[in-house]
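The values are calculated or read from the model by the stated rules, or taken from the named source; none is laboratory data. On a predicted model such as this, the values are computed, not experimentally measured, just so you know. Glycine also receives a Cβ, built like all others from the backbone with ideal geometry; neighbour counts cover every protein chain displayed. Side chains included, ligands, DNA and RNA excluded: accessible areas come from the protein's heavy atoms. Shrake-Rupley method; radii C 1.70, N 1.55, O 1.52, S 1.80 Å.
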Amino acid sequence: MYDNFDFGQILPIIAPILTIQLVLVIIALVMCIKAEQTRGPKWMWVLIILFVNLIGPITFFIFGRRNER
Amino acid sequence: MTTLLEVKGLTKTFGAVQAVGGIDFSIHVGRCVALLGPNGAGKTTTIRMIAGLLSQTAGTMRFHGFVKGDYGKGKVHIGYLPQSPSFYNWMSGLEYAVYAGRLCGLPAGTALKRAKELLERVGLSGAAKRRIGSYSGGMKQRLGLAQALVHSPKLLIMDEPVSALDPIGRREVLGLLQELKEETTVLFSTHALHDAEELCDDVIIIRKGQIALQGNIAAIRNEHRKPIIELQLEQDEVSIKWFTDYKDRLSRWSDEAQEASFIQNIEQQGAAVRFTVREVDSARQHLLEVLTREKVKVSRLEIGHTSLEDLFMKVVAP
Amino acid sequence: MTSSFTRLLVMVQKELLELVRSLKLLWVPLVFVLLGVMQPASMYYMPLILEKAGNITEGAVIEIPQPLGSEVLAQTLQQFGTLGLLVLVLVGMSSVSGERNSGAASLILVKPIAVFSFTASKWTALLLLAWGSLSAGYLASWYYTGLLFGDVQASKVLGSLLVFGLWLSFAMTLTLFFSTLLRSSAAAAFSTLGTAAALSLLAGLLPKKLGWLPGSLSSFAYQTAVSDIANVSLFGWALACTFTLMAAALTGASWLLRRSSAID
């Protein structure tokens, strides 16, 4: 079943996953840059969002912003 | 005059601490009343009980015909502004004012109309569509006024409305209150006598959770106005000795003594001595004679009256 | 329409607007979709990944039976029950305590509104977020499972979605309750997750004796996805217990707020 495995086959399945991850990263980045105040330095959050896969943006959404209420 | 709010024996205890200890007062329709007192006197606690945010330990309140059980229903007629109001920073000023109006039962259209009117009134029209998060302290206080007034309440209650503001914000808000008090009954707390004198008809001075003095501010001023003679003495030996002796003798005076008929009280503030007198002419005559006889070096002698400030300091002194 | 109901609607609208403005209504469902897609995808490629990663000697054959589509969906629900639940609880943890700590709540509660409306509006928003995210994620997972493993009956999907949604709703109600009870958001999240874990554990350890606890709802959801609920009467009890507890938590939260709203 996996013998004739190639990336052309795997791509349609992986692509949406990558796209959603990318969207999350972009939303988080935009929010981070626009935020008046972040909990901790902004550049740190940018690095976390960019390099910690999936968990990075989520952590930012939940803990990153301050003074939003 | 109709009574809008009547408070009887209002008491609040937090654990073993009594914040407010049985106060009585009433507020008449159309008056502007200041709840005056030093920090920690129980002003905020009283205000919060009247606003319905805190339930009293004892005592009753009657507001606009609503008593204990349905006091909550009276909330429709109350506008409340806390000391430093917080809003939802993600909303715009207009959205918040509309939201406040709708929570007070206004239909959507009316709420929007009233919110716009009031924002105009408090000078926030230009910033109405901006996020509240970007507002300054003075702007937030003015938005607080707008949202408290959006449903045209019968009573506006404010807790230290200008204390947290810088001089400019303070002027803005005081000016607004000056206009607003013509339209509705106002009760606000403050620790600054100056603010109370500037705005109010009536004052309730509280101290350690008790009412120390209350009434019409002009009446209080006249009633407690006493003539005073202030002396400034040079700090030489003779003068100091004379004053010490004189004060000493004064404290031992019986009521029959001659001076007691016109001098009521004597107090020292640094190099200045202040005589509270019953009768200015005899007291002045007497003092001048004594001073000349004893060769006291006077650098200044002044006749005046006690101010409200003096009274306030005396009343709230610990 | 009574005026207190209108006010409740206005407050719900405000909560929804906040969900939209804070982009929570976008990113939380996206996370669920991601979780829902990754589960079937990773299960599908698992044998391949093992083969590539491990230095397996030539000729060794890994025999991993291909799971059924319904089993994949049940596994997806498990993901939602751990990571998904964690995200939802963390999002909801400061819904009441945040407004109380900032003082925004006292400015609202001084208005002529019922305290219950305040609690109920927050509850509605949290539930909407939970159901929306769960539905989006589960449907995505269903689609992928269909592509990779074969079709699963729609009725099974819908049934398990409803049962699992109830479990999430219960967890959201707990979050709201603890967010009202405790001033610290972290403590509220911790208490909620602790309670949810304890309930699941108890129901899992003693399914016969304690199967009526809300904690058994997730396993009832897996059963619905794979086959059918074995013990229907126990499921009925679990439903009754969950609804009762949710009503109690909501009432309790309003009561707590009414008593303590002024101590800001």
Exercise for the section: Normalise the Cα radius of gyration of the range C:1-40 by 2.2 N^0.38 Å (N = residues in it) and let me know the number. Expected result: 1.74
Handout entry: Dipole magnitude (debye, nearest 20) for the range C:92-232, charges at Cβ of Lys, Arg, Asp, Glu
Key = 380
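Relative contact order for the range B:227-316: what is it in percent, counting Cα pairs under 8 Å that are at least 6 residues apart? Let's see the in-between values first.
Working: 110 pairs, mean separation 42.7, N = 90.
Reported relative contact order: 47 percent.
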Problem - Rounded accessible area of B:His194 (nearest 10 Å², 1.4 Å probe) - result: 110
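Out of the total accessible area of the protein assembly as shown (probe 1.4 Å, heavy atoms of protein only), what percent is carbon and sulfur? Mind showing how you got there, number by number?
Values: 18230 of 30400 Å².
Carbon and sulfur: 60 percent of the exposed surface of the protein assembly as shown.
Other chains near B:79-90: what is the mean number of their Cβ atoms within 10 Å of each residue's Cβ? List each step's numbers first, then the result.
Details: counts 2, 4, 2, 5, 1, 1, 4, 10, 6, 11, 6, 6.
Average neighbour count from other chains, rounded to a whole number: 5.
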Exercise for the section: Calculate one ³J(HN,Hα) per residue across the range B:150-158 by plugging θ = phi - 60° into the Karplus curve 6.51 cos²θ - 1.76 cosθ + 1.60, and present them in order as whole Hz with x for glycine and proline. Expected result: 4, 9, 6, x, 7, 9, 9, 10, 10
Completion exercise
HN-Hα couplings for the range C:235-246 via Karplus (6.51, -1.76, 1.60; θ = phi - 60°), in whole Hz with x for Gly/Pro, come out as 4, x, 4, 4, 4, 4, 4, 4, 5, 4, 4, 5
Fill in the blank from the handout: Taking the chain alone as reference and the full protein assembly as comparison, with a 1.4 Å probe on protein heavy atoms only, the residues of the range B:48-66 that lose at least 30 Å² of accessible area are B:Arg48, B:Leu53
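As an exercise, take the mean of 1/r over every pair of distinct alpha carbons in the protein assembly as shown, invert it, and state the Kirkwood radius in angstroms. Don't jump to the answer; show the numbers that get you there.
On the way: mean 1/r = 0.0334 Å⁻¹.
After inverting the pairwise mean of 1/r, the radius is 30.0 Å.
If you take the accessible area of C alone, add that of A alone, and subtract the area of the pair, what total do you get in Å², probe 1.4 Å, to the nearest 100? Could you put the intermediate results ahead of the total?
Values: alone 13730 and 5570 Å², together 17030 Å².
Approximately 2300 Å², summed over both chains.
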Practice task
Rounded to whole Å and ordered largest first, report the semi-axes of the equivalent ellipsoid of the range B:227-316 derived from its Cα gyration tensor (root of 5λ).
Solution key: 20, 16, 13
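Mind checking the per residue accessible area of the protein assembly as shown for me, 1.4 Å probe, whole number of Å²? Let's see the in-between values first.
Details: 30400 Å² over 651 residues.
Per residue, the protein assembly as shown has 47 Å² of solvent-accessible surface.
If you place +1 on the Cβ of every Lys and Arg, -1 on the Cβ of every Asp and Glu, and leave all else neutral, what size is the dipole of the range B:213-301 about its Cα centre, to the nearest 20 Debye? Walk me through the numbers before you get to the answer.
Values: 14 positive and 15 negative charges, 48 e Å.
Charge dipole of the range B:213-301: 240 debye, to the nearest 20.
Before we go on, tell me the buried accessible area for the C/B pair, both chains summed, 1.4 Å probe, in Å² to the nearest 100. Show your work: numbers first, answer last.
On the way: alone 13730 and 15970 Å², together 27440 Å².
So the buried area, both faces added, is about 2300 Å².
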Completion exercise
Along the dipole axis of the protein assembly as shown (charges at Cβ: +1 for Lys and Arg, -1 for Asp and Glu; origin at the Cα centre), the most positive-end residue among A:Leu54, B:Val150, B:His305 is B:Val150
Handout entry: Globularity index of chain B, i.e. its alpha-carbon radius of gyration over 2.2 N^0.38 Å
Key = 1.28
Problem - Ranking by accessible area, most exposed first, for B:Arg114, A:Arg66, B:Arg252 with a 1.4 Å probe - result: B:Arg252, A:Arg66, B:Arg114
Completion exercise
Between the Cα axis of helix C:69-79 and the main Cα principal axis of chain C, the angle (0 to 90°, nearest 10) is 40
Practice task
Would you grab the residues whose amide H sits under 5 Å from the one on B:Arg207? Only those 5+ places off in sequence or on another chain, please, with H modelled 1.01 Å from N.
Solution key: B:Ala212
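Let me confirm one metric for peptide C:29-35, namely the mean number of other chain beta-carbon atoms within 10 Å of its residues' beta-carbons.
Details: counts 0, 7, 6, 0, 3, 9, 1.
Whole-number average of other-chain Cβ neighbours for C:29-35 is 4.
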Problem - 16 Å Cα-Cα reach of B:Lys75 towards lysines, excluding residues that sit fewer than 8 places from it in its own chain - result: B:Lys154, C:Lys111
Exercise for the section: Using the structure shown, list the pairs from B:Lys140/C:Lys24; A:Lys42/C:Lys122; C:Lys24/C:Lys208; B:Lys12/C:Lys14 with a Cα-Cα distance above 28 Å, or answer none. Expected result: A:Lys42/C:Lys122; C:Lys24/C:Lys208; B:Lys12/C:Lys14
